[in-house]
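The values are calculated or read from the model by the stated rules, or taken from the named source; none is laboratory data. Small disclaimer: the values here were computed from a predicted structure and weren't measured. Note that we place each Cβ from the backbone using ideal geometry, even for glycine, and neighbour counts take in every protein chain shown.
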Amino acid sequence: MSTRTNETWLADLRATGLTHEEALNDLRNVIQKGLPYALSRWLPASDPLFPPLVEEVTQETLLRVLDQLDTFEGRSLFTTWVHKIAIRIALTELRRKRWRDASLDELTENEDAPPPAGLLADSHASPETSAERKDMLERVRRILQEELTPKQREALTLLGLQDMPMDEAAKKMKTNRNALYKLLHDARLRLKKRLLIEGLTPQDLLSAFEQK
């Protein structure tokens, strides 16, 4: 892996073809090398949950970094900035893991089906909060169905909900890792635009499941 300056990281990740792929692979290695130490306070590397968490966090971090390249101000090393993003994502995933049991298919395939019980079950939630969560899930189901292609929904199901490793998901979908990153990146952009039209932000969706 070559040593890059901040400017080189930005240029290579914005490039296309082999340059972009090599930068993406190098950044993936940087993230995965730093996570064991960074997360040792909360989850030891020996824990069975650690390998799938690292894979999940790496995928999400790469997508987040590509989305936010223009926000990097150069006040630190680029890799330090990336590690901070990765740690925030990892801690968020640890807190919200209990909501990962629901299948995206349940949210998208049957318009008349009620939202998955695992997403709504909370013995401490008020009736108002439960109703808000149900309404939010119905809106999410509609947005996913209307905005994403079948391939994009399949990718989100395999990687986001079934915790399938990136290489296995790429093999199942008969594509490669970088093409799958691009597929997810495009899906995220489409969802962000639609959420904006709907007057929602990603934080609105998360907040609906954090409140009691």
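Can you tell me which of (1) more than 17 Å from the chain's Cα centre (by Cα); (2) at pLDDT below 70 is the one Glu138 doesn't meet?
(2)
For region 2-100, list the helices (runs of 4 or more DSSP H) that sit wholly inside it and hold at least 2 residues that are of a type outside the set (A, V, I, L, M, F, W, C) and closer than 18 Å to Leu159 by Cα; which are they? Before you say what the answer is, go through the steps one by one.
Numbers: elements: 6-14, 17-38, 50-67, 78-96.
It comes to 17-38, 50-67, 78-96.
With respect to Thr58, determine if the residue is among the hydroxyl-bearing types (Ser, Thr, Tyr), surrounded by fewer than 19 Cβ atoms within 10 Å (Cβ to Cβ), in contact (Cβ under 8 Å) with a residue 24 or more places away in the chain and not assigned by TED's automatic domain parsing to the domain that holds Lys182.
On the way: among the hydroxyl-bearing types (Ser, Thr, Tyr): yes; surrounded by fewer than 19 Cβ atoms within 10 Å (Cβ to Cβ): no; in contact (Cβ under 8 Å) with a residue 24 or more places away in the chain: yes; not assigned by TED's automatic domain parsing to the domain that holds Lys182: yes.
No, not satisfied.
Can you find a residue in region 71-79 that is of a type in the set (Phe, Trp, Tyr), surrounded by 18 or more Cβ atoms within 10 Å (Cβ to Cβ), in contact with a Leu (Cβ under 8 Å, 6 or more places away or on another chain) and at pLDDT 90 or above?
Yes.
Could you pull out the residue among Thr16, Thr108, Thr92, Thr58 that is at pLDDT below 90 and under 18 Å from Lys182 (Cβ atoms)? Please lay out each step first, then the result.
On the way: Thr108 fails: under 18 Å from Lys182 (Cβ atoms); Thr92 fails: under 18 Å from Lys182 (Cβ atoms); Thr58 fails: at pLDDT below 90.
It is Thr16.
Looking only at region 142-189, filter to residues that are touching a residue at least 12 places away in the same chain (Cβ under 8 Å) and of a type in the set (Asp, Glu); which one of those is farthest from Leu18 (Cα to Cα)?
Going through the qualifying residues, I end up with Glu146.
So that you can scan it fast, the table gives a plain yes or no per residue for (1) more than 19 Å from the chain's Cα centre (by Cα); (2) surrounded by fewer than 17 Cβ atoms within 10 Å (Cβ to Cβ); (3) modelled with pLDDT of 90 or more:
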site: Met1; (1), (2), (3): yes, yes, no
site: Thr5; (1), (2), (3): yes, yes, yes
site: Ala11; (1), (2), (3): yes, yes, yes
site: Asn25; (1), (2), (3): no, yes, yes
site: Val30; (1), (2), (3): no, no, yes
site: Arg41; (1), (2), (3): yes, yes, no
site: Pro44; (1), (2), (3): yes, yes, no
site: Pro48; (1), (2), (3): yes, yes, no
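Only one of Leu39, Leu27 is under 28 Å from Lys193 (Cα atoms), hydrophobic (A, V, I, L, M, F, W, C) and assigned by TED's automatic domain parsing to the domain that holds Glu93. Can you tell me which?
Working: Leu39 fails: under 28 Å from Lys193 (Cα atoms).
Going through Leu39, Leu27 in turn, just one is under 28 Å from Lys193 (Cα atoms), hydrophobic (A, V, I, L, M, F, W, C) and assigned by TED's automatic domain parsing to the domain that holds Glu93: Leu27.
Among the residues of region 168-182, are any at pLDDT below 80 and more than 23 Å from Thr92 (Cα to Cα)?
No, region 168-182 contains no residue that is at pLDDT below 80 and more than 23 Å from Thr92 (Cα to Cα).
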